[in-house]
Amino acid sequence: MTQATQNPVDIINARVSGYKDLQMLLVNQEGIIEQILPMGAIKADSRASVIDVAGYWISLGGVDLQINGALGLAFPDLTAENAHVLQKITKFLWDVGVDGFLPTLVTTSVEKIQRSLAVIADIIPCKRAGAKIFGVHLEGPFLNYQKRGAHPAEYLLPLTIDEVKRVLGDYAHIVKVITLAPELDPTGEVIPYLRSLGITVSLGHSQATSAQAQLTFELGATMVTHAFNAMPPLHHREPGLLGAAITHPDVMCGFIADGEHVSPTMLQILLRASYQEKGLFLVSDALSPLGLPDGVYPWDSRQIEVKNGTARLADGTLSGTTLPLLVGVQNLVKWGICDVETAILLATDAPRQAIGLPGIAKSQPANLLRWHWDEATKELTWQRFLG
């Protein structure tokens, strides 16, 4: 969404996540970052407009790899008739600090998955204002019945190459991530097949043991979906898939920081045990009422009740949140779990790393956020800056 500027812009005295000391960012007239350099490394361009951010943090916008809908539209309910709402969602997400996202399709019928994929495939190439759609996250339908959570049991499928081909249809090229339970495939054939298509495999809604997870990582899985949720708990004799993941240097775990899905204490343990932003990334796991007030809303053939940003089924099953991604950043700092820089990286650079995209660096569009930590109020705030 970066727009060409009248003149180059030199941003000075910036704290940039992932860089030491104060930096200067040189942005050309096309809105592209040309350099990120330590202050004093070169003289400011005489043609450039100079913006002194006085030590504020500067970052790219967030990337949400697990978001199920917004503004009343669940992504599995996409049709040609309501596709215009997806355009509104991209603008809404931009306004809440998200540069890009993976529309997430939870378990439903193959027909509905195919219909949603077809709509998204048509929209992805369109140039438009708003957050960019980087691809699709299929969360299911290859999930363990015992750990299905809010996913409807009647649409779960066995994990075979034939069933995967049936679900993907002609749209494998837009599927970026798929969440599955690896223990459902004793042959070990599916994950290499998905990797051959360029799809990132994430473990989730699974009963996998540590040994099963390790084997899966050797086959090419590199992610875990919403750490702690819908998987066995950490145990001192059987660490399970989560224990295997957070100690593996090449596996990244998504997690939700709303205070409901995982307690702040367990999140603190997670960050200490893992490689922090090198092994973790924030997701919202937001549902279709994101951007709407608390209340009761339809969700597939059921209803969810949203209270204080948390969504539950009628039986109390936790189904998601309605809090934007960057609220998780603010929560991590407010709860004292990590410093400002780490919290920002967990929502901006880390999810990009998880799907093979660069973080803030030379040649990136200068879609920037400016963050301010108020020492007196202990509040972290942000605003769009350029872009």
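The values are calculated or read from the model by the stated rules, or taken from the named source; none is laboratory data. Note that the structure is predicted; figures quoted are calculated from it, not measured. Note: ideal-geometry Cβ built from the backbone for every residue, glycine included; neighbour counts use all protein chains shown. Side chains included, ligands, DNA and RNA excluded: accessible areas come from the protein's heavy atoms. Shrake-Rupley method; radii C 1.70, N 1.55, O 1.52, S 1.80 Å.
For the stretch 249-336, the Cβ-based charge dipole about the Cα centre amounts to some 220 debye (Lys, Arg positive; Asp, Glu negative; other atoms uncharged).
Just checking the listed ones, 191, 51, 113: in the Gaussian network model of the chain with Cα springs under 10 Å, the one fluctuating most is 51.
For the stretch 14-162, the share of alpha carbon pairs falling in successive 10 Å distance bins from zero is 10, 30, 23, 18, 13, 5, 0 percent. According to the Kirkwood relation over distinct C-alpha pairs, the hydrodynamic radius of the stretch 238-278 is 10.7 Å. In the elastic network of the chain, a GNM with C-alpha springs shorter than 10 Å, the most mobile of 344, 269, 360 is 269.
Only Cα sites of the stretch 212-328 enter the Debye sum here, all with the same form factor; the resulting log10 I(q)/I(0) across q = 0.11, 0.23 1/Å is -0.41, -1.22, listed in q order. Here the accessible area is traced with a 1.4 Å probe on the protein chains. For the chain, carbon and sulfur cover 51 percent of it.
Rg/Rh for the chain stands at 0.97; both radii use Cα atoms, and Rh follows the Kirkwood definition. The value for the stretch 129-226 of Rg(Cα) / (2.2 N^0.38 Å) is 1.04. What the chain shows is 42 Å² of accessible area per residue, with the surface traced by a 1.4 Å probe over protein heavy atoms. Applying the Kirkwood pairwise sum to the alpha-carbon positions of the stretch 273-323 produces a hydrodynamic radius of 12.0 angstrom. Every helix of 4 or more DSSP H residues in the chain counts as -39500 (n - 2.57), and over all residues that averages to -7000 deg cm²/dmol at 222 nm.
With Cβ to Cβ distances under 14 Å as the rule, what net charge do the other residues near residue 381 carry (K, R +1; D, E -1)?
Result for the local shell: +1.
For the stretch 126-250, a crude dipole built from +1 on the beta carbon of Lys and Arg and -1 on the beta carbon of Asp and Glu, taken about the Cα centre, is about 560 debye to the nearest 20. Think of the chain as a dipole: +1 on every Lys or Arg Cβ, -1 on every Asp or Glu Cβ, centred on the Cα centre; then among 153, 245, 284, 284 lies furthest on the positive end.
Based on the Kirkwood radius over alpha-carbon pairs, what is the Stokes-Einstein translational diffusion coefficient of the stretch 137-176 at 4 °C with 1.567 mPa s viscosity, in µm²/s? Diffusion coefficient, whole number: 118 µm²/s. Here the Gaussian network model covers the chain, with springs between Cα atoms less than 10 Å apart; of 175, 251, 53, 53 fluctuates the most. Given in Å, the Rg to one decimal and the Dmax to the nearest whole number for the Cα atoms of the stretch 295-387 are 16.9, 50. For the stretch 200-264, the calculated P(r), taken from all Cα-Cα distances in 5 Å bins from zero up to the bin holding the longest distance, is 4, 20, 32, 25, 13, 5, 1 percent.
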